[in-house]
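First comes the structure, then the notes that go with it.
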Amino acid sequence: MGVLYDYFHATDHTTAVDQAIGPDGDWLNGASLEEAGADWIDAKGLDPDIVLGQLVAYAEAVPFADQQDTPELVWPEPPYPQGEPIAPDSPWDTGLILQQLPDRWRDILAALPEDAVPMVAAQWYEIEEVDFADYLDAENAVGTFKALASRARTAGAHLYCRCCV
């Protein structure tokens with residue numbers, strides 16, 4: 001079983017939850033991001049914390065270890081229930097989480113010069129956490145993230161990631 005990551009932009013947390021999870025966080029009656037009218041991309045196994053974080057570090061030309069921003073959990077609302085079994089009707093039992101990416105990451109990706117995309121893709125292609133099909137797959141992914149980030153910045157929106165286990 002794989003983990004799926006969908007990235008999209010929305011103006012605020014409420015809109016993001018409604019689009020990615022369902023109206024008012026009702027995961028039982030949610031629609032797909034496409035049905036919800038979101039501008040989104042399917043990024044399969046490209047997680048926001050490590051994989052996308054490394055892309056942002058390469059785009060910013062800083063070591064990944066120096067990355068200080070991290071995605072923020074939006075849904076289910078923290079804190080994670082510890083020390084007790086999770087009820088089947090709990091949002092923590094759905095296999096869904098929603099995170100907001102730092103606006104700084106959006107801006108870095110949106111501002112990435114086109115002529116820098118090949119070098120950033122070459123660096124990102126080498127990370128051990130992802131097995132890209134080939135270099136062009138990595139380069140296309142960089143371009144896709146750059147385009148989504150640009151559209152989000154133009155719309156004055158934030159980037160979000162929906163994770164489905």
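Between Asp26 and Ala147, the simple label model (points 7 Å from Cα in the Cβ direction) yields a spacing of 3.4 nm. Using a probe of 1.4 Å on the protein chains alone, the accessible area found for Glu139 is around 50 Å². Accessible area per residue for the stretch 21-71 is 53 Å², calculated with a 1.4 Å probe on protein heavy atoms, without ligands, DNA or RNA. Once label points are set 7 Å from the Cα along Cα→Cβ at both Cys164 and Glu34, what is their separation, rounded to one decimal in nm? Those two pseudo-labels are separated by 1.1 nm. Taken about its Cα centre, the chain carries a charge dipole of about 340 debye when Lys and Arg each add +1 at the Cβ and Asp and Glu each add -1 at the Cβ. Full extension of the chain between Val117 and Ala133 yields a length gain of 4.0 nm, computed as 0.36 nm times the residue separation minus the alpha carbon distance. Near the amide H of Asp39, within less than 5 Å, lie the amide hydrogens of His9, all on another chain or at least 5 residues away, with H placed in the peptide plane.
Can you tell me, using C-alpha contacts under 8 Å and at least 6 residues apart, the relative contact order of the stretch 59-165 as a whole percent? The value is 35 percent. Between the labelled values (i) 36; (ii) 47; (iii) 28, the entry that holds percent of Cα pairs over 26 Å apart as derived from this structure is (iii). Taking every alpha-carbon pair under 8 Å whose residues sit at least 6 apart, the stretch 1-129 reaches a relative contact order of 23 percent. Of the solvent-accessible surface of the chain, computed with a 1.4 Å probe over protein heavy atoms with every protein chain present, carbon and sulfur atoms account for 52 percent. The slack in the chain from Gln82 to Gln68, taken as 0.36 nm per residue of separation less the alpha-carbon distance, amounts to 2.4 nm. Pull up all non-local amide H partners of Trp75: gap of 5 or more, or a different chain, and H-to-H distance under 5 Å with H placed in the peptide plane. Residues meeting the criterion, in which the H sits 1.01 Å from N, are Leu98. Other residues with beta-carbon under 13 Å from the beta-carbon of Asn29 carry, at +1 per Lys or Arg and -1 per Asp or Glu, a net charge of -4.
Among the protein heavy atoms, those of Thr15 account for about 50 Å² of accessible surface (1.4 Å probe, every chain in place). Each of Met119, Gly22, Trp40 was placed along the dipole of the stretch 4-125 (beta-carbon charges, centred on the mean Cα), and the one lying farthest toward the positive end is Met119.
Ordered from largest to smallest accessible area (heavy atoms of protein chains, 1.4 Å probe), the residues Val74, Val3 come out as Val3, Val74.
The values are calculated or read from the model by the stated rules, or taken from the named source; none is laboratory data. Computed from a prediction, not measured in an experiment: that's the story for all the values here. Every residue, glycine as well, gets a Cβ built from its backbone with ideal geometry; the counts of neighbours run over all protein chains shown. The accessibility values were calculated without ligands, DNA or RNA, using every heavy atom of the protein model including side chains. Shrake-Rupley method; radii C 1.70, N 1.55, O 1.52, S 1.80 Å.
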